[in-house]
Structure formats: structure tokens, C-alpha cells
1. Considering the stretch 313-329 alone, what residues qualify as being out of contact with any Lys or Arg (no Cβ under 8 Å at 6 or more places or on another chain) and not charged (D, E, K, R)?
2. For residues in the stretch 148-180 being without any contact (Cβ under 8 Å) to a residue 40 or more places away in the chain and among the basic types (K, R), which is farthest from D111 (Cα to Cα)?
3. Considering only the stretch 198-238, state which residues are loosely packed, with under 13 Cβ neighbours inside 10 Å, modelled with pLDDT of 85 or more and closer than 20 Å to R178 by Cα.
4. Among the candidates R110, R115, R40, R8, which residue alone is among the basic types (K, R) and either at pLDDT below 85 or within 30 Å of I185 (Cα to Cα) (or both)?
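The values are calculated or read from the model by the stated rules, or taken from the named source; none is laboratory data. Keep in mind that what you see is a predicted model, and the values were worked out from it rather than measured. Every residue, glycine as well, gets a Cβ built from its backbone with ideal geometry; the counts of neighbours run over all protein chains shown.
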Amino acid sequence: MLNSLSGRFLLLTLIFVMLAEVLIFVPSVARFREDYLLSRLERAQIASLALLAGEEISPDLEEELLANAGVFNVVLRRDEARQLVLSSPMPKPISATFDLRDATAPELIRDAIARLLDPEPEVIRVMGEPLRMAGLLIEVTMDTADLRAAMIDYGLRILALSAVISIITAVMLFVAVRIFLVKPIKRVVGNMKTYAAAPEDARGVIMPTAGIRELREAEETLQVMQTQITQSLRQKERLAQLGGAVAKVSHDLRNILTSAQLFTDRIEMSEDPGVRRLAPKLVGSIKRAVHLCESTLAFGKAEEPAPTLGIVPLADIVEDVLASERLAVGEDGPVAFEERVPEGMMIRADAEQMYRVIANLARNARQAIEAGPGDGRILIEANEDEAAWRIRVRDTGPGLPEKARAHLFTPFQGGTRKEGTGLGLSISADLVRGHGGQLVLEQTGPDGTSFVIILPKGSLTPG
């Protein structure tokens, strides 16, 4: 019970209402004590009227009047003269005097608490103003036993009433909290459990209905989050299905390329100079295609294989990439290629994976220039410092559109061309991360685009 929100709210309500009642109890008891003493002064004044009229009374009648008034003595001050009107023997000396004519609220509260805490009966003197201006002062002496008993009785009745009010208030608040707060929260929790059981089902996305502003904001935030998760799961499901299809295609394509690789061996034996010049490039391209198919099959089973790191010459990789791109463009194509790789620069990388990364960037740059209005240039350059190697692929194309920049490395969303899938940059970024590095969009705009591959050096020893 106390572990629930409504149970704790009920307990806190009881505590705070009782605390409020206690704060009311103290001045209430002080007020009761003041009224009690004033009533004794009034009774004493009424009892003394017979003597003020000049009539003689018997001792028995005087004793009866004092008993009815609840006092021992009555003193009146009229015309600056004090007169003992009624008197009787006192059981003990006067211990304290209380003047009600100018008593302040803090003094009344202090005296009331002191009386409640002191169980010993005492004789006290009480002074006040007579009713209807019947003199200047009236004072009486009285026992505190009846006063304290009356104060305790009044206090118990106040506490009992406070407890009843507290319980009724707490129950009403408990029911209100259950209806207006706990029930909507349970609905949200129930929706979260239902959605967790089938997050791919869009019917499980919550529809905000709460009337409480804070709870409605929570529902709207949950709705956005669930919608994004559902869309992500659907996209991953499509990617998984696509991966299965690609794996099947790659399996068949590998077999076809393996057969083509056998024919290239015969081509290398040709006496034609042009064929002999192009044959090594063709053989290298087919080998890379076969390796890519095998990597795709491995990816379909798990994930992109970890790179086999080694110390490789960067210039050879760049030369192979540019050779393939030049063949794709042709001698009179709109794209010019340039490389500025320091001679003898060695990098720590997987040669095949780094070829795929640079080839993806170069191919994207070439396609961007070909889609533009004029000719362009692609530059591949590299430099190094003590911390890392940096390989830049620059082009003078039209730059990346805003949508492509927003989802640059997201599969199927970061494509720069209408027919593109956006997989190239996503795969390249994953491959570079496998090397412990980063693929960063350094600059893009009307003057062109620049990507930089950052490979940390660490130890130059492979593995």
C-alpha cells in the first residue's frame, strides 16, 4: 500500500492535515482558557450583586454563591476603592496572578500550554474588567484543577474532530488522486508494457489523451519515442531482408566471377599490347569483386569482418582507385583526376577495405561532377603527423544537398542522387571505424566537397 503513489499520498495527506490541526489546536486551547476565566469573572460579578444592593446574606448563602461561581474570593474596585465582596477560606496560598485586561496572544498561548503541562492544582488570582462598566476592576481567586480538566476535555474533543476531518480529507484526496493522476499513469505504464511486447506494431503507439499538462507532455514525448523506435525497427527489418537477398545474389555472382577469372588467365597470354596493358587491371578488378562477394556473404552471417591490418603503401591503393575511375570516365570524360600522396608513405590498414573506402568516395565525387553542368576535378591527397594519417578526397562538384548532409552516414537516407541508396558512405564510415579512425565531412558547398579519412597511428606494428 505504502509503496504505491496513492498510498504514500494518503499518508502524507494525513500527516499534513494533522500538523495543520495541531497548529490550530494550540491557539484554540488558549482561547478556551481565556473564555473559561472570563466566565468565572462574570459569575463572580453576578454573585456579588446581592451585596452591592446593600442586603445582608447568610454565610451559607455566601458559600453557595462562591461555589456556583467556582471561586474562593471576589474583589471589586469601584471609585478607586477595593472591596472584598465575597470570601471563603483558601486551601493554599496564591501562586500566580493573571490580568486578562491587556493580555497578548503569545502570553495567552504560553499560559495555556504551561497549565496543560503542570498537573499540580494551584490557587491563582484572575483580574479583569467588570461587565457593563460595573466598576473599574474585578478579581477572583480560584483553583486550577477544574480549569485544567476542562482544557483537557476541550483539547481531546478538538483532536478527535481533527482526526475525523483528516481522515475524510485524506480519503477524498486519495480517491481524487486515484482517478485523476494514478489511473492515467497506469494507462501510460500499460501502454508501455503492450508496446514492449510488440514494438513493430504501430497500433501500440500511445495516443495522448491526458488532461493534465505535465502528463500529456510525457505522453507526447513517449509517442514520439515509440514512433521513432517503430520506424527504426521497420527499417532494420527491411535491411535484414535486403541483406538476405544481397547474400544470395553475392553467392551467385561469386560463382560467375570465379568463372570470369579463369578466362582472364587466357587474356593475359594475348600478344596484343593494348590487351596486355589492360589485362592486369581487369584481373585486379575481378579479384576485388570476388573478394567483395565473399565479404558480403560473411556480412550476411554476422557483420563486416574485422580488418586485417598491415603496413601497406598508400600510393598503390590510390593508383588503383584512380585507374578504375579513369576507365569509367574515359579519355574525353568531364572529370580530371589528380593525386598528391607522398612517395613511400606507408599506412597501417587493411588494403582491400581501404581501397573500398577511397573508391566509394572517389566514385561519389565523380558521379556528383557528372551530374553537374560542367567539368570538374577530383584530388586525392594525404599527409601525416605524429598522431594520425589523413587522406582527403576533394572534388569541385556542386556540393551535398541539405537532406544528404542531415543523414550523411545513415543507410538508405544519405544518398546524394535520386537513384542512390546511401549505402556507400555508411559502409565506408563503418570500415574506417573498424580501423579505429573517423570519416568526416570536412567541407561542402557550391565550390565542392571534401571528405577526410583519419587513421590513428598508435603502434606501427600490425596486429
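1. Across the stretch 313-329, the qualifying residues are P313, L314, A315, I317, V318, V321, L322.
2. By that ranking, first place goes to R157.
3. The one that is loosely packed, with under 13 Cβ neighbours inside 10 Å, modelled with pLDDT of 85 or more and closer than 20 Å to R178 by Cα: E217.
4. It is R8.
A quick yes/no check of all residues on (1) of a type in the set (D, E, K, R); (2) in contact with a helix residue (DSSP H, G or I) (Cβ under 9 Å, 6 or more places away or on another chain); (3) not assigned by TED's automatic domain parsing to the domain that holds V452:
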| site | (1), (2), (3) |
| --- | --- |
| L314 | no, yes, no |
| A323 | no, yes, no |
| R326 | yes, no, no |
| R366 | yes, yes, no |
| R377 | yes, yes, no |
